[in-house]
Amino acid sequence: MNAYRICGDMIHLFAMLLLPVVMWRRKSCAGISAKSQILFAIVFTTRYIDLFIVFISLYNSFMKVVFLSSTYGTLYLMFYTFKTTYDYKYDRIRILYLTVPALFLSFFIAHVYTIIELLWTFSIVLESVAIVPQLLMLSRTSKDKSIISHYLFALGSYKALYILNWIYCYNESNFYDPIVIFAGIVETIITFCGYFSIFIEPKAKSGPIRVVVTDAAGQLAYSLIFKIANGEVFGTQQQVILHLIDEPSAMEVLEGVCMEIDDLALPLVQGYVKTTKLEVAFKNVDAAFLLGTMPNNESKEKKDFLSSNVNTFKLLGEALDKFASKDVKVLVVGNPANTNALICSLNAPSIPKENFTAMTRLDQNRAQSAIAIYLGLCVSNIKNVTIWGNQSSTQFPDVFNASVQSCDSSTSVYDVIKDTQWLEDDFIKIIQTREAAVIQARKKLSAMSAAKAAVDHMHDWWFGTADGTWVSMGIISDGSYGVPKDLIYSMPVTIYKKQWTIVQGLKITSIAKNKLDLAAKELLYEKEEALEVCNPSCVLLLPDCKT
């Protein structure tokens, strides 16, 4: 046995142990392809079927046992221990597309037609393409790719060293096996192509982006438009064309807003469109701020309030579907924001549901600020506050997993604020009723702070979250944390290349679980009531959404 073989085995061993160890530490299998792991399990099972029949050496037997155990252990973690974190929707390739051709090819190229030899040949051919599901998943998901990059580099290096091993064996004994050499070269090329693809950045869109703001003559839009135009959302190098839409009765006010845009003389503004027509407002837009809703009042039943907004957001969804960019990023601010975002997405089937979000960032900012004020610290010292659930009084501001940052340390909020009663009662009520307190004080809805939250939300969506931090967004639920699927539900997310990923593995206390369930119950009610108002086509898009 030569050095190339030993080094290749050690790197292969590292690759096989890397995934289960990382999964166990992160309590998540997000970003890992179960299809690839199933294929590797088939590879090792068919290749090492002679484990109890043929003895070569203790080293050989030990490596076989480790590879089999690690692969099946990885599958156990993915399908049982951390099954709620498995990204099944991105792991879509049918493994039959790889196993069946590999099996047929094995019959044509096998050296000897015995069961053991055919299975060995099949394992060699299948191993050369077993990584393909992982590479396809890699291109579809926004998960942190650092671990996968290490995994791919290790697998590619292992096989490259084995190629050197085969060259060495040929020089020493004039022996070579064309099957393993060809399959090894194919595997090495595929694996390293996947590895290097991680570092290829997609080409940025040249020229200005188009941004639509609804209810553009309103107070919230007045605070928001300047921030968009000044580069606070999409960056100080990104030019924008503003699409401003409102009701015909608001056109005179909107004309005044446009005069002020002209008077700002901002170099990033390459133009604006003011209109009352949806087809004009949403044409080719890259980002959408949906601000306006029908006003609510105490005399209006909740069902009537939902009904008055469903038809509005149904029309907005249809307009997005027909006229907007298919990669448009949609932020719904107008309440009930979660359900409005859901209805909007249902009526825009050509746009991914992941592109529709509801704003709970205002509540996150409020919670961060409340903790900072309590501790007498700067708000930037408070990290990873989470808002769960609905943009309503049932929302749950959660600081159990939040931290207080100092120059060289990070401490749990619960360890710094030892008043559990305040954290689990008074603090939650303060955040849940903050909007009502603002309205009572200034007789109007929040505008300045809401605009800042909309900026924070879209900016982080556009540029991503910092390492080790997450933000709260109302996003389409996938079953994580026991939340029913297909609700727009506020959760902690990280963002990479404009794609969000739900943070997994956070500890949920019994108090938190009850509050998450309460918010889910309210959203399920809103969803059912909204779908009753929708026309039948909306229901057909999601036939199992009623409970």
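The values are calculated or read from the model by the stated rules, or taken from the named source; none is laboratory data. Remember, it's a predicted structure, so these values are computed and weren't measured experimentally. Every residue, glycine among them, receives a Cβ derived from its backbone with ideal geometry; neighbour counts consider all protein chains shown. For accessibility, only protein heavy atoms count, side chains too; no ligands or nucleic acids. Shrake-Rupley method; radii C 1.70, N 1.55, O 1.52, S 1.80 Å.
The figures follow:
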{"item": "The chain: angle of helix 96-109 to the longest principal axis, Cα-based, in degrees nearest 10", "result": "20 degrees"}
{"item": "Rounded tilt (10° steps) of 448-463 against the dominant C-alpha axis of the chain", "result": "20 degrees"}
{"item": "Gap separating the Cα centres of segment 180-255 and segment 353-424, nearest whole Å", "result": "27 Å"}
{"item": "For segment 251-260, 3J(HN,Hα) per residue [Karplus equation, 6.51 cos²θ - 1.76 cosθ + 1.60, θ = phi - 60°, Hz, x = Gly/Pro]", "result": "5, 5, 5, 5, 4, x, 4, 5, 4, 5"}
{"item": "By accessible area with a 1.4 Å probe, ligands and nucleic acids excluded, highest first: order of Asp456, Asp419", "result": "Asp419, Asp456"}
{"item": "Rounded Å value of the spacing that divides the Cα centres of segment 85-132 and segment 478-519", "result": "37 Å"}
{"item": "Solvent accessible area, Å² - Val416, 1.4 Å probe, full protein context", "result": "60 Å²"}
{"item": "In sequence order, calculated HN-Hα J values of segment 525-530 (Karplus, 6.51, -1.76, 1.60; Hz; x Gly/Pro)", "result": "5, 4, 4, 5, 5, 5"}
{"item": "Packing-based ranking, highest mean first, of 278-284, 170-176, 130-136, 385-391 given that Cβ atoms within 10 Å are counted", "result": "385-391, 130-136, 278-284, 170-176"}
{"item": "Solvent-accessible surface (1.4 angstrom probe) belonging to Tyr113, in square angstrom, nearest 10", "result": "140 Å²"}
{"item": "Chain lengthening between Glu252 and Tyr80 when straightened (0.36 nm per residue, less Cα-Cα)", "result": "55.9 nm"}
{"item": "Backbone N within segment 89-128 under 14 Å of label point (7 Å from Cys193 Cα along the Cβ vector)", "result": "128"}
{"item": "Computed over the chain: relative contact order in percent, which uses C-alpha pairs under 8 Å that are six or more apart", "result": "12 percent"}
{"item": "Prolate/oblate/rounded call for segment 229-294, Cα gyration tensor, a/c under 1.5 rounded", "result": "oblate"}
{"item": "Estimated distance in nm for a label pair at Lys498 and Leu51, the labels positioned 7 Å out from Cα along Cα-to-Cβ", "result": "4.7 nm"}
{"item": "Residues whose placed amide H lies under 5 Å from that of Lys329, excluding near-sequence neighbours", "result": "Ala287, Ala288"}
{"item": "Entry for volume of the Cα convex hull per residue in Å³ (calculated from the structure that is shown) out of [x] 183; [y] 193; [z] 223", "result": "[y]"}
{"item": "Residue-level accessible surface for Asp425, protein heavy atoms, 1.4 Å, Å²", "result": "50 Å²"}
{"item": "Computed [θ] at 222 nm, helices only, for the chain once each DSSP H run of length n ≥ 4 contributes -39500 (n - 2.57)", "result": "-16500 deg cm²/dmol"}
{"item": "Sequence-distant residues sharing a close amide H with Ser412 (under 5 Å, placed H)", "result": "Val404"}
{"item": "Whole-Hz ³J(HN,Hα) from phi, Karplus 6.51 cos²θ - 1.76 cosθ + 1.60, for segment 487-501, glycine and proline x", "result": "10, 8, 10, 6, 9, x, 9, 9, 10, 9, 6, 6, 10, 8, 9"}
{"item": "Cα-based helix-to-principal-axis angle, 115-127 vs the chain, degrees rounded to 10", "result": "40 degrees"}
{"item": "5 angstrom amide H check on Gly31, placed H, neighbours 5+ away", "result": "Asp87"}
{"item": "Dipole of the chain [Lys/Arg +1, Asp/Glu -1 at C-beta], most positive-end residue of His457, Val493, Ala102", "result": "Ala102"}
{"item": "Where Thr312, Thr360 fall by accessible area, highest first, once all protein chains stay in place (1.4 Å)", "result": "Thr312, Thr360"}
{"item": "Ranked order, Arg92, Arg366, Arg140 - accessible area, probe 1.4 Å, largest first", "result": "Arg92, Arg140, Arg366"}
